[in-house]
Every structure is written in structure tokens, then in C-alpha cells.
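**Student:** Attaching a single structure in C-alpha cells format; questions to follow.
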Amino acid sequence: MGVEKPVVGILMGSDSDWAVMRKAADALAEFGIGWEAHIMSAHRTPDLAANYAREAESRGVRVIIAGAGMAAHLAGSLAAQTVLPVIGVPLAAGSLQGMDALLATVQMPPGVPVATVGVGAAQNAALLAIQILGTADEALRRRFAEYKNKMAESVAAKDEKLQSEIK
């Protein structure tokens with residue numbers, strides 16, 4: 001669990017998905033964002049997943065991140081049951097290595113949006129959740145801006161090092 005009251009729910013279809021989805025939890029924790037994680041399936045535990053989505057807002061959850069592979073209906077099934085933003089993380093599984101999950105997650109019908117990040121990009125899902133939360137939290141928005149500035153400084157330093165090595 002995160003250090004604060006959970007405002008982000010991290011859901012995944014299988015315990016084997018935690019290795020990837022943990023990156024979302026780590027990124028949220030780095031910003032002091034409280035999170036909770038659960039395993040539930042759109043197909044094997046549909047009532048559990050639907051109830052989670054319906055009750056999340058009343059428990060203080062503000063964004064849901066859902067990771068699933070193959071048929072990847074978890075994010076969409078959650079989005080159908082809540083007005084909270086849902087971010088889908090397609091996971092590489094099966095013979096198509098995540099392409100099926102990517103298409104299933106991104107191709108939602110009108111009226112049921114799911115923000116979708118790249119295959120296995122759980123960290124980006126967390127960063128998007130932080131940006132969403134930051135729209136109502138100026139201090140969080142400033143911390144995220146500092147994070148982006150540090151990334152830019154890191155790239156500039158790497159370029160400077162490269163330039164000194166190739167001259």
C-alpha cells in the first residue's frame with residue numbers, strides 16, 4: 001500500500017502481472033501518492049471488478065489503473081462501471097506479445113473512454129494518474145514539473161558527455 005490514503009487503484013488480472021504493475025505503485029509512492037492494488041478479472045471475477053469500480057470513488061479513489069493481457073477487457077469493464085478516469089496498461093502475454101491487449105484496451109466504444117499507455121508501460125500510467133490528480137493539486141503539479149525538469153537535465157548531461165567523448 002502507498003504511504004497515504006489510497007487515491008489510485010491499481011488492478012490487474014493475474015498475480016503474474018504484478019512484476020509490471022509494481023512500476024506504477026513505485027512511481028506513485030515516489031510522489032507520495034497513496035495507492036492500493038488488487039487482482040480481479042473482467043472474465044473470472046466480473047462481479048468483484050464491477051463492484052470495485054462502482055465503490056472506488058466513495059472510498060476516496062480518484063483514478064484507476066488497470067493492467068491486463070490478451071483479451072484485456074479489465075480496463076474497459078471498469079470504465080463501464082465508474083465515472084473515474086481509467087488508465088489501461090496492455091500487458092505482453094500470449095503469442096501476440098501485447099498487441100492484442102493494446103488493441104482491446106484502446107478500442108473502446110463511444111462513451112466509455114479508457115486512457116491507454118504503451119504495452120507494459122505501468123510507470124507511464126502512474127505518471128498520467130499523477131498529472132490527472134495534479135489538475136486539482138498545485139503542489140503535486142509543481143512536483144511533477146520538477147520531475148520533468150530533472151529528466152530534461154539528465155538528458156542534457158548525457159548529451160554533453162557524449163559530445164565530449166566523440167570529439
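**Student:** Would you confirm whether or not segment 105-121 contains a residue that is free of Cβ contacts under 8 Å to residues at least 60 places away in the same chain, in contact with an Asp or Glu (Cβ under 8 Å, 6 or more places away or on another chain) and not hydroxyl-bearing (Ser, Thr, Tyr)?
**Tutor:** Scanning segment 105-121 turns up no residue that is free of Cβ contacts under 8 Å to residues at least 60 places away in the same chain, in contact with an Asp or Glu (Cβ under 8 Å, 6 or more places away or on another chain) and not hydroxyl-bearing (Ser, Thr, Tyr).
**Student:** Further question on the same structure: Report whether or not Leu102 is under 13 Å from the mean Cα position of the chain (by Cα), over 21 Å from Phe31 (Cα atoms) and either modelled with pLDDT under 95 or among the aliphatic types (A, V, I, L, M) (or both). Can you show your working first?
**Tutor:** On the way: under 13 Å from the mean Cα position of the chain (by Cα): no; over 21 Å from Phe31 (Cα atoms): yes; either modelled with pLDDT under 95 or among the aliphatic types (A, V, I, L, M) (or both): yes.
Considered against the rule, which asks whether it is under 13 Å from the mean Cα position of the chain (by Cα), over 21 Å from Phe31 (Cα atoms) and either modelled with pLDDT under 95 or among the aliphatic types (A, V, I, L, M) (or both), Leu102 comes out as no.
**Student:** Of the residues Ala53, Ala25, which single one is within 23 Å of Ile130 (Cβ to Cβ) and either touching a helix residue (DSSP H, G or I) at 6+ places or on another chain (Cβ under 6 Å) or among the basic types (Lys, Arg) (or both)?
**Tutor:** Exactly one of Ala53, Ala25 is within 23 Å of Ile130 (Cβ to Cβ) and either touching a helix residue (DSSP H, G or I) at 6+ places or on another chain (Cβ under 6 Å) or among the basic types (Lys, Arg) (or both), namely Ala53.
**Student:** List the helices (runs of 4 or more DSSP H) that sit entirely inside segment 96-167 and contain at least 1 residues that are farther than 27 Å from Ala79 by Cα, out of contact with any strand residue (DSSP E or B) (no Cβ under 7 Å at 6 or more places or on another chain) and among the aliphatic types (A, V, I, L, M).
**Tutor:** Passing ranges, in order: 138-166.
**Student:** Checking the condition assigned by TED's automatic domain parsing to the domain that holds Val119, in contact (Cβ under 8 Å) with a residue 12 or more places away in the chain and outside any helix (DSSP H, G or I), which residue from Ala93, Ala50 passes?
**Tutor:** Just a single option satisfies the conditions, and that option is Ala93.
**Student:** Residues that are under 24 Å from Val119 (Cβ atoms), assigned to a loop (DSSP other than H, G, I, E, B) and among the polar types (S, T, N, Q): does segment 64-81 have at least one?
**Tutor:** no
**Student:** May I pose another question? Condition first: out of contact with any Phe, Trp or Tyr (no Cβ under 9 Å at 6 or more places or on another chain), assigned to a loop (DSSP other than H, G, I, E, B) and either surrounded by fewer than 20 Cβ atoms within 10 Å (Cβ to Cβ) or not assigned by TED's automatic domain parsing to the domain that holds Ile132 (or both). Now tell me which residues in segment 22-40 satisfy that.
**Tutor:** Gly32, Gly34, listed by residue number.
**Student:** Which of the residues that make up segment 111-167 are surrounded by fewer than 16 Cβ atoms within 10 Å (Cβ to Cβ) and of a type in the set (Ser, Thr, Tyr)?
**Tutor:** Thr135, Tyr147, Ser154, Ser164
**Student:** Can you name every residue in segment 77-104 that is surrounded by 24 or more Cβ atoms within 10 Å (Cβ to Cβ) and not aliphatic (A, V, I, L, M)?
**Tutor:** Gly88, Pro90, listed by residue number.
**Student:** Inside segment 25-39, can you point out the residues that are under 17 Å from Gln123 (Cβ atoms) and of a type in the set (A, V, I, L, M, F, W, C)?
**Tutor:** Listed by number, the residues that qualify are Ala25, Ala27, Leu28, Ala29, Phe31, Ile33, Trp35, Ala37.
**Student:** Oh, and also: In this structure, is Ala19 exposed (fewer than 14 other Cβ atoms within 10 Å of the Cβ) and either polar (S, T, N, Q) or not in a loop (DSSP other than H, G, I, E, B) (or both)?
**Tutor:** yes
The values are calculated or read from the model by the stated rules, or taken from the named source; none is laboratory data. Since we're looking at a predicted model, the values are computed, not measured. Backbone-built Cβ (ideal geometry, glycine too); neighbour counts: all protein chains shown.
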